[in-house]
Amino acid sequence: SSCGSRSRSRRSRRERSERALTANLQRWFWVQLAHWCHVLHQTDTAIKYYGLALESGPDDPQILASMGYEFLQAGRKREAFAAFDRAVAIRPDWAEVHFGRGMLLQEFNDHDAALQAFDLAVSANPNHDRALYGKALSLIALQRKDEAVAPLERNTKLQPMSPYGWYQLARVQFDRGKTDKTRAILDHLATFEPKVAAQLARETGLPPPPRP
C-alpha cells in the first residue's frame with residue numbers, strides 16, 4: 001500500500017541519516033586522536049589515526065593534507081606527495097598544499113614540476129612568501145636567474161626581516177653582474193643580520209660592510 005511505501009521510505013531516510021551521523025562522529029574522533037598524537041610528536045600513530053578517519057568516509061582534503069605533513073615528518077616523502085596530490089585534486093585552490101608539493105618536487109630534483117606547483121600556490125595566494133621563495137630556488141636551479149629576481153624581490157617585501165630571501169637575491173644579482181645591487185643588499189643585511197652579511201661578503205669577494 002501507499003502508506004506502507006511511505007513508511008519504508010521514511011525509515012530508509014532515517015537509517016541513512018543515522019549512518020552518516022555515525023560516520024561523521026567516527027571521523028571526528030579519529031581526527032582528534034591524530035591531532036593530539038601530532039602535539040605529542042607521535043607521528044606514526046597520528047598517521048594511523050588519519051588513515052582511519054579517511055576510511056570512515058570520502059576523501060577529505062584537510063585530513064589528507066594533515067596526513068601528508070605527518071608523512072613528511074616521518075621522512076616518508078613519496079607517501080606525503082601522494083596525500084598532497086589527492087588533496088589538491090579535491091581542492092585545487094589550496095595554496096599551502098601546492099606549496100607542499102613544490103617543496104617535495106624540489107627534493108625529488110624535478111624543478112620544472114616544482115616550478116608549476118609553486119606557480120599554482122602563488123596563483124591561489126599571491127602573498128605566499130614561502131612559495132615565492134621556493135619558486136625562485138627552482139628558477140635558480142634551472143639557471144633562469146633573471147626570472148628569479150621578481151619572486152625574490154616580492155619575498156623580501158613580504159618578509160623584510162628574514163635573511164633568506166635577501167641572501168638569495170644578493171647571490172642572484174651578483175651572478176648577473178649587478179655588483180652595485182649586491183652591495184646595497186649586503187649593506188642592508190648588515191643592519192639586522194651581520195653574520196649573514198659577513199658570509200655574503202666572503203662568498204662574493206666584496207668588501208665587508210663596516211661594523212656598526
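The values are calculated or read from the model by the stated rules, or taken from the named source; none is laboratory data. Everything numeric here is computed off the predicted structure, so don't read it as measured data. As a convention, Cβ positions derive from the backbone with ideal geometry for all residues, glycine included, and neighbour counts pool all protein chains shown. Heavy atoms of the whole protein, side chains included, go into the accessibility calculation; ligands, DNA and RNA do not. Shrake-Rupley method; radii C 1.70, N 1.55, O 1.52, S 1.80 Å.
Things worth noting here:
- Choice from T43, T182, T191 showing the highest fluctuation, given a GNM over the chain with Cα pairs closer than 10 Å: T191
- Cα-based Lys proximity count in the chain, under 24 Å, for pairs eight or more positions apart or on separate chains: 14
- Accessible surface of R176 - all protein chains present, 1.4 Å probe, nearest 10 Å²: 80 Å²
- Loop chymotrypsin sites (Phe, Trp or Tyr not before Pro), segment 63-135 (other Cβ atoms within 10 Å of the site Cβ: 14 or fewer; DSSP): F108
- Cα-based shape type of segment 137-190, given that a ≥ b ≥ c are square roots of the gyration tensor eigenvalues and the cut on a/c is 1.5: oblate
- Rounded to the nearest 10 square angstrom, H188 shows an accessible area of 70 square angstrom against a 1.4 Å probe.
- Largest to smallest in accessible area, the residues M103, M161 fall in the order M161, M103 (1.4 Å probe, all protein chains included).
- Only protein heavy atoms count here; under a 1.4 Å probe, D175 has an accessible surface of about 80 Å².
- Take segment 20-70 with all the other protein chains still there, run a 1.4 Å probe, and you get 59 Å² of accessible area per residue.
- In terms of accessible area, using a 1.4 Å probe and ignoring ligands and nucleic acids, K48, K135 rank largest first as K48, K135.
- Based on Cα atoms of segment 64-201, Rg over Rh with Rh as the Kirkwood radius reads 1.03.
- With every protein chain in place, segment 40-103: carbon and sulfur % of accessible area (1.4 Å): 52 percent
- Springs join every pair of Cα atoms under 10 Å in this Gaussian network model of the chain, and among A46, A150, A114 the largest mean-square fluctuation is at A150.
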